[in-house]
Amino acid sequence: MSIIGSRELIRDINEKTILKTIFLEKQIDRASLARKTGLSSGTVTKIVSSLIQKGLIVEMGESDSTGGRKPILLCINKDYGSILGVKVGVGYLYIMITNLNGDVLAKSRLDYGEEADPINISNIIKNYVEEQNKNSLVGIAVAVSGTVDPVKGVVLDSFLLNWKNVKFASLIKKVLKAPVYLINDVDSFTIAHLWKGKLVNYKNALVITLGTGIGGSMVVDGELYTGNGGAGEFGHMTIIDKGNKCSCGNQGCLEAEAGFDALATKIYERTKSIALKEAYRNYKNLETSQIDFLKLALKEDEKIFKKVFDEYSYIIGIAIKNLINIYAPECILIGGEALEFSQYFLEKSIKFAKTAAFGNLGERVTFEIDNLGADAWILGGIYKVIQEEIFYVDIQKNG
């Protein structure tokens, strides 16, 4: 049988179209659903009845009426199943469980130590789910730094985690028995903002995240652009010739010059504070330790701290200026753990970038600041699970 024209395929496509429309509209009546999708009233009625029986959608009261019987509103059954989202950070896991609307049911930050052992991490995740999840898992999203192969579920290169060709999706699937979607953490961050955050109204944008690592992504025509895989590694543009050695093996990368470790090292080399020097020698290569050290530096040697962050603001400003000149975006969204210290660099960085950019390119950019916080690292992956497990039509299966 030809795939094109297959009744089963057409029905599946119509069903997914109706589901996605209900999801995006949040609540909608049958007549409006027919108008929005272009499907006949009879088709909509039949599919809606089937989806209610399956438990995927529910009726939830009546809409306003201009006369006659009030139409009944439909919405996604948010309790149909749970979605697990995990961000694998440096030394920690940020774990979240949501319903189908992306409402957070449980979340925790768990430390796993200095060594990012994939098996240990998968067991920590398994134990958390067994303790916290009260519903069946629709799917699992795992966000990691570096380049990933989302089809094979492999972390190709994550220099921060010291992972290379790690088949992490299969490890998680083995212990939790649910579909697993692997995604770059900044890509997840970006999708979260396209869904629920600051990028909802932008078609072309750049995202840069600042912290232990420095990441980036691009939005083109309202969609995440990944190129041939790995697009947006802004943290590995060269800023200083023959500069600091980067975890990627090169020298002078933005991340090597302006990641948290570089800032901590500069403070250590310049301060005369015995307490700071001792803290630096004892701190571990963990994101939490780096943030704690920077907070201590602000308290113990404010002058050196501010001097280092002045230099940081200039380096970040140069990077943003370069991005503006290359991409001419409508918007640049800035996020990441460094925003905890935003008063010491952010305004200066943006001002430099806008002023130094070519022509009037800088003045045409709108700068947005992350408003989702740590949740953004996971929510984009959760949306991907919803998209793939609830809205996606498997043509091969229907063939």
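The values are calculated or read from the model by the stated rules, or taken from the named source; none is laboratory data. Just so we're clear, the structure is a prediction, and the values are computed from it rather than from any experiment. Positions of Cβ are generated from backbone atoms using ideal geometry, with glycine treated the same way; all protein chains shown enter the neighbour counts. Heavy atoms of the whole protein, side chains included, go into the accessibility calculation; ligands, DNA and RNA do not. Shrake-Rupley method; radii C 1.70, N 1.55, O 1.52, S 1.80 Å.
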Applied in sequence order to region 156-161, the curve 6.51 cos²θ - 1.76 cosθ + 1.60 (Karplus, θ = phi - 60°) yields integer Hz couplings, x standing for Gly and Pro, of 6, 8, 10, 5, 5, 8
Between the Cα axis of helix 376-386 and the main Cα principal axis of the chain, the angle (0 to 90°, nearest 10) is 20 degrees
The farthest towards the positive end of the charge dipole of region 332-394, of the residues F345, N371, I334, given +1 on Cβ of Lys and Arg and -1 on Cβ of Asp and Glu, is F345
Ignoring ligands and nucleic acids, V175 exposes an accessible area, probe 1.4 Å, in Å² to the nearest 10, of 40 Å²
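Per DSSP helix of 4 or more residues, -39500 (n - 2.57); summed, then divided by the residues of the chain. What does that give at 222 nm, rounded to the nearest 500?
Numbers: 14 runs with 168 residues, N = 399.
Taking each H run of at least 4 residues, the total per residue is -13000 deg cm²/dmol.
Share of antiparallel DSSP beta bridges in region 105-263, in percent to the nearest 5?
Numbers: 17 of 22 bridges.
About 75 percent, rounded to the nearest 5.
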Counting only protein heavy atoms and rolling a 1.4 Å probe, one gets per residue an accessible area for the chain in Å² of 48 Å²
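In debye, nearest 20, what is the charge dipole magnitude of the chain about its Cα centre with +1 on Lys and Arg Cβ and -1 on Asp and Glu Cβ, if you could check?
That gives the chain a dipole magnitude of about 620 debye.
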Longest principal axis of the chain (C-alpha) makes with the long axis of helix 346-356 (C-alpha) an angle, in degrees to the nearest 10, of 90 degrees
If the chain between K203 and L156 were fully extended at 0.36 nm per residue, the gain over the current Cα-Cα distance would be 14.0 nm
Check: C-alpha center region 242-287 vs C-alpha center region 320-399, spacing in Å is 26 Å
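Dipole magnitude of region 247-399 about its Cα centre, charges +1 at Lys/Arg Cβ and -1 at Asp/Glu Cβ only, in debye to the nearest 20? Before the final figure, lay out the partial values.
On the way: 18 positive and 23 negative charges, 126 e Å.
Here region 247-399 has a charge dipole of around 600 debye.
I'd like the carbon and sulfur percentage of the solvent accessible area for the chain, probe radius 1.4 Å, heavy atoms only, ligands and nucleic acids excluded. Could you put the intermediate results ahead of the total?
Working: 9290 of 19310 Å².
Answer for the chain is 48 percent, counting heavy atoms of protein chains only.
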Looking only at aspartates and glutamates whose Cα falls under 20 Å of K272's and that sit 8 or more positions away or on another chain, we get D261, D292, E300, D301, E302, D310, E311
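Among the chymotrypsin sites (Phe, Trp or Tyr not before Pro) in region 297-383, which ones are in a DSSP loop with at most 11 other Cβ atoms within 10 Å of the Cβ? Mind listing them?
Working: sites: F305, F309, Y312, Y314, Y327, F341, Y344, F345, F352, F358, F367, W377, Y383; in loops: F345, F358.
Filter output for region 297-383: F358.
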quick note, the chain, DSSP beta bridge pairs, % antiparallel (nearest 5) is 65 percent
Measuring from its Cα centre, region 112-219 shows a charge dipole (+1 at each Lys and Arg Cβ, -1 at each Asp and Glu Cβ) which, in debye to the nearest 20, is 460 debye
Cα-based Debye curve of region 145-255 sampled at q = 0.10, 0.12, 0.19, 0.20 Å⁻¹ gives log₁₀ I(q)/I(0) of -0.33, -0.47, -1.03, -1.10
For region 250-267, in residue order, the Karplus 3J(HN,Hα) values (coefficients 6.51, -1.76, 1.60; θ = phi - 60°; whole Hz; Gly and Pro = x) are 8, 10, x, 5, 3, 5, 6, 9, 9, x, 4, 5, 5, 5, 4, 5, 4, 5
Read-out semi-axes √(5λ) of the Cα gyration tensor in Å, candidates (i) 38, 24, 19; (ii) 43, 24, 19; (iii) 49, 25, 16; calculated match is (ii)
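Keeping all protein chains in place and using 1.4 angstrom, which order do W163, W195 fall into by accessible surface area, from largest down? Write down the numbers at each step before the final one.
Working: W163 10, W195 55 Å².
So the residues, ranked largest to smallest area, are W195, W163.
Given the pairs K177/K198; K203/K351; K245/K277; K87/K174; K299/K348; K266/K321, which are separated by over 26 angstrom at their Cα positions? If you can, show how the numbers build up before the last one.
Working: K177/K198 34 Å; K203/K351 23 Å; K245/K277 22 Å; K87/K174 18 Å; K299/K348 22 Å; K266/K321 24 Å.
Over 26 Å Cα-Cα: K177/K198.
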Calc'd 3J(HN,Hα), region 132-137, phi into Karplus 6.51 cos²θ - 1.76 cosθ + 1.60 (θ = phi - 60°), Hz, glycine/Pro = x, comes to 9, 7, 10, 9, 6, 8
The answer for D29, listing residues at least 5 apart or on another chain whose modeled amide H is closer than 5 Å to its amide H, is L74
